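As structure tokens, the structure follows; a few thoughts come after it.
The values are calculated or read from the model by the stated rules, or taken from the named source; none is laboratory data. All of these numbers come straight from a predicted model, not from anything done at the bench. Quick reminder, even Gly has a Cβ in these numbers, built from the backbone with ideal geometry, and neighbours come from all protein chains shown. Note: areas computed on protein heavy atoms with side chains; ligands, DNA, RNA excluded. Shrake-Rupley method; radii C 1.70, N 1.55, O 1.52, S 1.80 Å.
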Amino acid sequence: MATRGSRSEKVKRIFQQFDGNHDGGLNREEMAALVVAVNPRVKFSEEQINAILDEVFRTYSEFIDGEKGLTYEGLLRTYDDGAGDVDRDFDALGLELKPEDNAGTSIAAEEASSSSIADERVMEPHKKQRTAAWAASPNHGIVFDDTWKLVDDLEILIKRLKSKQSKDGKLKNDNSDVYSEGWSRELGPSTEITDKRVNWEETGHDYAVFVKELGVLRSRADGSRSREEAFDGHMAIGRVLYDQHLFKEALVSFKRACELQPADVRPHFRAGNCLYVLGRHSESKEEFLLALEAAEAGGSQWAYLLPQIHVNLGIALEGEGMVISACEHYREAAILCPTHFRALKLLGSALFGVGEYKAAVKALEEAIYMKSDYADAHCDLASALHAMGDDDNAIKEFQRAIDLKPGHVDALYNLGGLYMDMGRYQRASEMYTRVLSVWPNHWRAQLNKAVALLGAGETEEAKKALKEALKMTNRVELHDAVAHLKQLQKKKLKGNGGGNGEEAFIIVEPSKFKSVGEKTTLRADLSTALDIRSFQRITRLNRCDVDQIKKEINETDVPMSYSGGVPEKSIRKASLEEILHRLLKFLKPETFIGAVKAINQKVLSVLDESESGRLDLGMFFAVLAPVCGGSPDKRKRIAYEALLWRPVNEGSSQIRKTDAQRYIKLLRAIYIPSQGASEMLEIHGEMDTSLVSLAEFTAMFDDPDWGFGIMSTFLKLEMGDRNRHGSHVCATCRYPIIGSRFKEIKSHFSLCSQCYSEGKVPPTSKLEEYRFKEYASEAEAVKDKCMWFGIHSKGSSSPAAS
């Protein structure tokens, strides 16, 4: 860690390098040269340079010496405030410290203290230099001399606790030199905090004694001569505790500082950091919002901290699953600080998380342009490129991330998935093996390794890998995979047209698929219904009772807007995400992110075709209602009421026919895209001013050809797609049949819903026409079999039959 002395000397060398006229100040031209030189990979426009300089000269006006410009003290303060990384800039400029530069920088021995632990204090000439650089920072640092005494005594207490817990073997992952300096490292994802986190044993006697003695120090801070000095003491105690990863105790100090100076940004910001690390994301978000409010109210005084607040607020929002909201704050941070590569990386990752791949690629490429060795950015860029179908470049980016960080689990795992998608099973298996070497209990990697080995034809190795996966977890999909493996061993299949083995299936054109009986679902309808059911599963909307939408309609106050002259209750995507968070409050954050991604890609992309970022809330509620939980009639009624809630129908007991038609066409465009997309072009016709009642709306909705008649099919899936059929397996994919079983009447083979919808049949049963009967449950099949035997036994005993 750089000492305060070497840090200031580095800043002095940087200052001297760019003070071309040696007048003791950096004018706008010299400052511009400095900004460009320390960011060699960034191509600044003249507007960006001017914006940066305006911000610097405004924020640090007290350090501007007339025409000369920013003084050395001003430049030092910009670094102390986290506006740049001294070491990075010093290295980028190729500068070196001369031996004499460090002469005379040692700090004299500390003053004696009246503390009860003064007898443990030794004379250390570099003590204050060893303290984190924040301590001497003008904005974050220690102001009062007595606060230094508190810090000294606290460091002795921590040292004593560390010594005792290390001796007892209770202290894990000790990294004494770790501290958070600078805003880009202040609060990061798991790799930036948990990799080096010290785990203290908080239940023992030693820790209890430490907390008691810490309470004495806090009392000393409270007993200071002024409110400002007490604030200074609690902030310093909190910072030291935070640096040593004593986050719970640090939080107590920052909360006390908040009480002493509620309008100060810093204690709210620090408390937010602690709460995030402790996993209390909602409380963390609230503290960052308080910090943001205070910073915006404080004018230019806190301008240097605003980008940090936006970034950390975004991270806290992601912790709650609110990724779209997080994007707004990452964007704001990048606008306030154009060189903030981490804000751009986080923005790109969040955009990828909600399925906006093109925008994600752009943000991630900008982050990498500024910091080429950013392994996480390379990994997420690769994932975005793969999602867009650019697999060749995706492989290069994954490999770059792995080269930079060989144990990068996400890059290894996702590259394995990419190789699986490409059919390169051996390479996929190698990637999953490397994941397991870093993370031995990664059951998904173990399961995928088994599947990859199976694809590579290594059946015995696949069996071993599956057994290992079963030791890690008892999830039902693993048992299905084992059953699948056994079926494949019996059939000795090697894939569709693969190698010298038998083909796994052939695909039959739709016209050759015939249904037997009225209850058997048509192949095309099942394909659409399965897609809608998959959307329900990802979003869990079927677990959200449609009455919750009615509640939101009654309680949500949305201001009117006039887009194109038409009154609308429109809402931003981030605000819409908050409503979804209430509707899906039963979801864990990571599951909620997946739900928002699916809704964004399937629903919002159609409703916000112009990409304005605003949506018609009434239409959104109406589109969501059919796939929520509740009876079919209730879903249709709530959809009607959502349309009635829109301004164009407000005050009336019926909706306009044109709105009903537009709604149904939007519904079809979203959920039946193969048919609905072309219908959307027909919406702009003559204006029909007639009104539609609920009964008339229901009739339009249920129309099998022009309405949303597919609802009856996916309702059937909702009720029965978890049914199992004993020992029956699908004749093509060889997985146990779950959901409806489709039995071919002549050849007697059975298909699962997915294979039936895709037209797959076993190659041994080539027919001119295939006739299928659907069984929702095995009880139905047994009943049908009994009826068949009953009819045929009667027929054989009858003289007429013979």
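In terms of Cα atoms, the Rg and Dmax of segment 610-666 work out to 11.5, 34 Å. Any idea what % of Cα-Cα pairs in segment 334-446 are farther than 21 Å? Tail of P(r) above 21 Å: 35 percent of Cα pairs. Taking a straight Cα-Cα cut-off under 18 Å and skipping sequence neighbours fewer than 8 places away in the same chain, the aspartates and glutamates within cross-link reach of LYS471 are GLU460, GLU461, ASP480. Across segment 19-30, computed HN-Hα scalar couplings (Karplus, 6.51 cos²θ - 1.76 cosθ + 1.60, θ = phi - 60°) run 7, x, 8, 6, 9, x, x, 10, 6, 4, 5, 5 Hz from first to last residue, x flagging Gly and Pro. Across every direction, the projection of the convex hull enclosing the Cα atoms of segment 41-83 has a mean area of 3.6 nm².
What pairs from LYS43/LYS358; LYS255/LYS597; LYS569/LYS597; LYS467/LYS597; LYS550/LYS573 go past 25 Å between their alpha carbons? Please report the intermediate quantities before stating the final value.
Working: LYS43/LYS358 21 Å; LYS255/LYS597 36 Å; LYS569/LYS597 23 Å; LYS467/LYS597 33 Å; LYS550/LYS573 20 Å.
Checking Cα-Cα distances, LYS255/LYS597; LYS467/LYS597 exceed 25 Å.
Computed from label points 7 Å out along Cα-Cβ, the spacing between GLU769 and ASP65 is 9.8 nm. Between the residues LEU404, SER300, ALA333, the greatest Cα displacement towards the positive end of the dipole of segment 266-413, with unit charges on the Cβ of Lys, Arg, Asp and Glu, is found for SER300. Loop-only check: which GluC sites (Glu not before Pro) in segment 515-556 are DSSP coil with at most 10 other Cβ within 10 angstrom? Qualifying residues, ordered by number: GLU518. Any chance you could check the Cα centroid distance between segment 329-345 and segment 34-90 for me, in angstrom? Computed from Cα coordinates, the inter-centre distance equals 17 Å. Computed over protein heavy atoms with a 1.4 Å probe, the accessible surface of segment 514-634 works out to 47 Å² per residue.
Relative to the Cα centre, what is the charge dipole magnitude of segment 317-421, using +1 at the beta carbon of each Lys and Arg, -1 at the beta carbon of each Asp and Glu, and rounding to the nearest 20 debye? Please list the in-between numbers first.
Working: 9 positive and 17 negative charges, 52 e Å.
For this selection, approximately 240 debye.
At a threshold of 8 angstrom on Cα-Cα distance, excluding pairs fewer than six apart, so keeping six or more, what relative contact order does segment 325-369 reach in percent?
Relative CO of segment 325-369 lands at 35 percent.
Using the Cβ atoms and a cut-off under 14 Å, what net charge is assigned to the surroundings of PHE57, where Lys and Arg are +1 and Asp and Glu are -1? Once all neighbours under 14 Å are counted, the net charge is -3. Within the shell of other residues whose beta carbon sits under 12 angstrom from the beta carbon of GLU518, the net charge comes to +1, with Lys and Arg scored +1 and Asp and Glu -1.
If you roll a 1.4 Å probe over segment 300-353 with all protein chains in place, what percent of the accessible area is carbon or sulfur? It would help to have the intermediate numbers written out before the result.
Working: 750 of 1310 Å².
Its accessible area is 57 percent carbon and sulfur atoms.
Rounded if a/c is under 1.5, else prolate if a/b is larger than b/c, else oblate: which is segment 539-680, with a ≥ b ≥ c the root eigenvalues of its Cα gyration tensor? Because its axes are fairly even, with a/c under 1.5, segment 539-680 counts as rounded.
Applying a threshold of 19 Å to the alpha-carbon distances of LYS12/LYS68; LYS585/LYS665; LYS405/LYS464; LYS514/LYS743; LYS743/LYS783 flags LYS585/LYS665; LYS405/LYS464 as lying beyond it.
How would you classify segment 287-339 from its alpha-carbon gyration tensor, with a ≥ b ≥ c the square roots of the eigenvalues: rounded for a/c under 1.5, else prolate if a/b is greater than b/c, otherwise oblate?
On the way: a/c = 2.72, a/b = 1.43, b/c = 1.90.
Since a/c reaches 1.5 but b/c is at least a/b, the shape of segment 287-339 is classed as oblate.
Shown for segment 10-80: the carbon plus sulfur share of the solvent-accessible area, taken with all protein chains present and a 1.4 angstrom probe, equals 48%.
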